[in-house]
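Visitor: So that we are looking at the same thing, I have put the structure below in structure tokens.
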Amino acid sequence: MALILDIGNTNLKIYQFQKNKIISSDIIAWKNFEPDNLLPLIKNNRKAFILSVVPDKKELIKNVLLEHQVDVNIIGEDLKPDLKIKVEEPSSVGIDRLLGAYGAFQIDQQGAIVIDVGTAITIDIITHKKEFLGGIIAPGLRTCAQALETSAPLLKGYNLFGEIALPGKSTGQAIRTGLVYLVAGGIEKVINQLKNKYGDLKVIATGGDFVNIQDYLSFEYEYNTDLLPQAIIKLSHS
């Protein structure tokens, strides 16, 4: 067995896989994380793959694993998706975006539009020739909510998740409705523009917060919560 550690801004996602199959998964919020959380997993797994968009957290996890003689592979350094990166400054593209595009391509060896909705929202395009053409990066639902609270303190403390109605009948409902419609509407606009330019590509969606906006989207999509770990498994066997 082997470990996959997906290091995000808010959470650490941990997967165990054997051959081509994910056999367990867990999510730990960074505010609750302790290095000892990894020790039971290390006993059963002598190899680990790390995907990270947070450099200091990556070093923390890497050092814990190395201290226990785990074979560590960093995605983007030790293993890289074999994509043709057709953007300015290819080295600046986040490995999570490249891996999502790689994973979407691996589903049926065709081009796709990839949506990832988390702390940030990314929408990227991969062609049938494995060309990564770039995309957009925008703040996610929670990031928008935090920015609103910071800039308008009187709007602080309202629950981000709850009933949504248009028009909103309370301040909390108005905030929730505004955020969801803003994010969903922006995604819808980008998808329509990309389809108009590149044809009716399949849309692959992932990310924990996608479920909070999916009912407000009109286009067809495939939702794959394990798109990134599945891509890492594929990459580990390539």
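The values are calculated or read from the model by the stated rules, or taken from the named source; none is laboratory data. Everything numeric in this text was worked out from a predicted model, so none of it was measured. All Cβ positions, even for glycine, are placed from backbone atoms using ideal geometry, and neighbour counts span all protein chains on display.
A quick yes/no check of all residues on (1) under 23 Å from residue 20 (Cβ atoms); (2) over 16 Å from the mean Cα position of the chain (by Cα); (3) part of a strand (DSSP E or B):
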position	(1), (2), (3)
106	yes, yes, no
113	no, no, yes
124	no, no, yes
128	no, yes, no
132	no, yes, yes
137	no, no, yes
146	no, yes, no
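Visitor: Scanning the stretch 1-16 for residues that are within 13 Å of residue 233 (Cβ to Cβ) and out of contact with any Leu (no Cβ under 8 Å at 6 or more places or on another chain), which turns out modelled with the highest pLDDT? Reasoning before the result, please.
Guide: First pass over the stretch 1-16, keeping only residues within 13 Å of residue 233 (Cβ to Cβ): 1-4, 6, 15-16.
From what is left, the residues that are out of contact with any Leu (no Cβ under 8 Å at 6 or more places or on another chain) are 1-2.
Working: 1: 87, 2: 94.
Per the stated criteria, the residue is 2.
Visitor: Which residue pairs have Cβ atoms closer than 6 Å, lie 6 or more positions apart in sequence or on different chains, and pair a first residue in the stretch 34-49 that is under 12 Å from residue 16 (Cβ atoms) and assigned by TED's automatic domain parsing to the domain that holds residue 12 with a second residue that is of a type in the set (S, T, N, Q) and at pLDDT 90 or above?
Guide: Between residues of the stretch 34-49 that are under 12 Å from residue 16 (Cβ atoms) and assigned by TED's automatic domain parsing to the domain that holds residue 12 and residues that are of a type in the set (S, T, N, Q) and at pLDDT 90 or above, the close pairs are 49/73.
Visitor: Name the single residue, out of those in the stretch 207-228 being in contact with a Leu (Cβ under 8 Å, 6 or more places away or on another chain) and surrounded by 22 or more Cβ atoms within 10 Å (Cβ to Cβ), that is nearest to residue 107 (Cα to Cα). Even if it seems obvious, please write down each step before you answer.
Guide: Of all residues in the stretch 207-228, those in contact with a Leu (Cβ under 8 Å, 6 or more places away or on another chain) come to 209, 212-213, 228.
Now restrict to residues that are surrounded by 22 or more Cβ atoms within 10 Å (Cβ to Cβ): 213, 228.
On the way: 213: 24, 228: 12 Å.
By that ranking, first place goes to 228.
Visitor: Tell me yes or no: at least one residue of the stretch 133-145 is under 24 Å from residue 186 (Cβ atoms), loosely packed, with under 13 Cβ neighbours inside 10 Å, not assigned by TED's automatic domain parsing to the domain that holds residue 20 and not basic (Lys, Arg).
Guide: No, the stretch 133-145 contains no residue that is under 24 Å from residue 186 (Cβ atoms), loosely packed, with under 13 Cβ neighbours inside 10 Å, not assigned by TED's automatic domain parsing to the domain that holds residue 20 and not basic (Lys, Arg).
Visitor: Another question, if that's okay. Looking only at the stretch 158-199, count every residue that is in a helix (DSSP H, G or I) and either without any contact (Cβ under 8 Å) to a residue 40 or more places away in the chain or farther than 25 Å from residue 222 by Cα (or both) and tell me the total. Talk me through it step by step, then tell me what you get.
Guide: Applying the first criterion (in a helix (DSSP H, G or I)) to the stretch 158-199 yields 171-198.
Then keep just the ones that are either without any contact (Cβ under 8 Å) to a residue 40 or more places away in the chain or farther than 25 Å from residue 222 by Cα (or both); that gives 171-182, 184-185, 188-189, 192-193, 196-197.
Count: 20.
Visitor: Identify, from the list 22, 95, 61, 7, the residue that is in contact (Cβ under 8 Å) with a residue 12 or more places away in the chain, β-branched (Val, Ile, Thr) and in the same structural domain as residue 128 (by TED's automatic domain parsing).
Guide: On the way: 22 fails: in the same structural domain as residue 128 (by TED's automatic domain parsing); 61 fails: in the same structural domain as residue 128 (by TED's automatic domain parsing); 7 fails: in the same structural domain as residue 128 (by TED's automatic domain parsing).
The unique qualifying residue is 95.
Visitor: Being farther than 13 Å from residue 116 by Cβ, among the polar types (S, T, N, Q) and under 15 Å from the mean Cα position of the chain (by Cα) narrows it down to one of 196, 212, 224, 192, so name that one. Spell out how you get there, then give the answer.
Guide: Working: 196 fails: under 15 Å from the mean Cα position of the chain (by Cα); 224 fails: farther than 13 Å from residue 116 by Cβ; 192 fails: under 15 Å from the mean Cα position of the chain (by Cα).
On inspection, the qualifying residue turns out to be 212.
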